[in-house]
1. Which helices, counted as full DSSP H runs in the chain, have an axial Cα extent of no less than 18 Å and a Kyte-Doolittle average of 0.0 or above?
2. For percent of Cα pairs over 28 Å apart, one of (i) 19; (ii) 53; (iii) 39 was computed from the structure I shared and the rest are decoys. Which label?
3. In terms of modelled amide H atoms, which long-range or inter-chain residues lie less than 5 Å from the amide H of V155?
4. Evaluate the charge dipole of the chain about its Cα centre and quote only its size in Debye, nearest 20, assuming +1 on the Cβ of each Lys and Arg and -1 on the Cβ of each Asp and Glu.
5. What ³J(HN,Hα) values, in whole Hz, does the Karplus curve 6.51 cos²θ - 1.76 cosθ + 1.60 give for the stretch 102-110 when θ = phi - 60°, with x put for Gly and Pro?
6. Please list the non-local residues whose amide H lies under 5 Å from the amide H of D74, H modeled 1.01 Å from N, same-chain partners needing a gap of 5 or more.
7. Which residue, L34, L92, L141, has the most motion in a Gaussian network model of the chain that connects Cα atoms within less than 10 Å?
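Just so you know, all these numbers are worked out from the coordinates, no wet-lab data involved. Remember, predicted model here, so these are calculated numbers, not experimental data. As a convention, Cβ positions derive from the backbone with ideal geometry for all residues, glycine included, and neighbour counts pool all protein chains shown.
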Amino acid sequence: MESAKRLHRGISRPHRGLEAGQSLIELSLLMVFLVPLLIGAVEFGRLAYKSIEVANAAKAAVQYGAQNHATAGDTAGMLNVAKDDAYNLTGLALTATISCVCSNGSASTCVNTDCSTSQIEPILTVNTQGTFDPLFHVPGLPTSYTVHGRAIQKVLQ
């Protein structure tokens, strides 16, 4: 009877000495997968933030340029507004183009004779571009990424 109690006690209370480091080994094996996953999520978030910042810079620049015909041609002013909006982004580049459309919806080349029965409406398009350098470089992936922003708005008369 006593050997049955001893056997039962041994089954219900396993010997802890053999399992002492099992949790530590499981954690170290899991960290091999979790740390790169966490770093990748952080880098992806940084890339998304930079792309939103470049798009917002284009929007700020087009809003400045669309005020009137004088500001529509002020590329330097639009670049300054874009840089002020994206102040922590380095290497911001901007291009601005003006196209035209007739107020009745027909195409125009911005010549006064294009729209005989309607007015010419200038359209300002601002493209911005910036570079993103990740903190961690993965072999086989680029060392920098180019992010683009674009905004289009009608120039006020």
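1. Counting only whole DSSP H runs, the qualifying helices are 22-65.
2. (ii)
3. I123, L124
4. The calculation lands at about 960 debye.
5. 6, 5, 8, x, 7, 6, 9, 9, 6
6. Amide H neighbours of D74, under 5 Å, 5+ apart: none.
7. Result: L141 has the largest fluctuation of those listed.
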